[in-house]
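Asker: Dropping a structure here in structure tokens format, bear with me for questions.
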Amino acid sequence: MLHLFTPETAGSTHYFYISSMAQQDATSEQFDAFTDALARVFNSEDKPMIDTQQQRIGAHEFSELRPAPLRIDKAAVLARRTLDRMAQLETGEV
């Protein structure tokens, strides 16, 4: 399963997801059922959660929200902090 987020604007993002089937010789009916299930789960679970999260975040900067990162978030948090520092150095805010 792959989930890929590509920002479009400050308040919108393109969300791509894909999954594979283990059965190589699946029938078209099995494939259709599989893709229908993926779409149903996305529309009933993922999309409502993502939309609600965006509403709560609103126009706030990520760091203002004081998120509680998980261990798996460490690399992304460190990268974001590094980019923030680089931007501050570039604009003379440091």
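The values are calculated or read from the model by the stated rules, or taken from the named source; none is laboratory data. The model shown is predicted, which means the values in this text are computed figures rather than measured ones. Here the Cβ is made from the backbone with ideal geometry for all residues, glycine too, and neighbour counts use every protein chain on show. Protein only, heavy atoms only, side chains kept; ligands, DNA and RNA dropped before computing areas. Shrake-Rupley method; radii C 1.70, N 1.55, O 1.52, S 1.80 Å.
Asker: I'd like to check something: does the stretch 51-63 contain any residue that is open to solvent by less than 80 Å² (accessible area, probe 1.4 Å) and touching a Leu at 6+ places or on another chain (Cβ under 9 Å)?
Answerer: Within the stretch 51-63 (the criterion being open to solvent by less than 80 Å² (accessible area, probe 1.4 Å) and touching a Leu at 6+ places or on another chain (Cβ under 9 Å)), the answer is yes, since at least one residue qualifies.
Asker: Can you tell me which residues in the stretch 33-50 are open to solvent by 80 Å² or more (accessible area, probe 1.4 Å) and more than 13 Å from the chain's Cα centre (by Cα)?
Answerer: Within the stretch 33-50, 36, 40, 43, 45 qualify.
Asker: Yes or no: residue 6 more than 16 Å from the chain's Cα centre (by Cα), loosely packed, with under 10 Cβ neighbours inside 10 Å and of a type outside the set (Phe, Trp, Tyr)?
Answerer: no
Asker: I'd like the full set of residues that are hydroxyl-bearing (Ser, Thr, Tyr) and either surrounded by 10 or more Cβ atoms within 10 Å (Cβ to Cβ) or at positive phi (or both), limited to the stretch 64-94.
Answerer: 82
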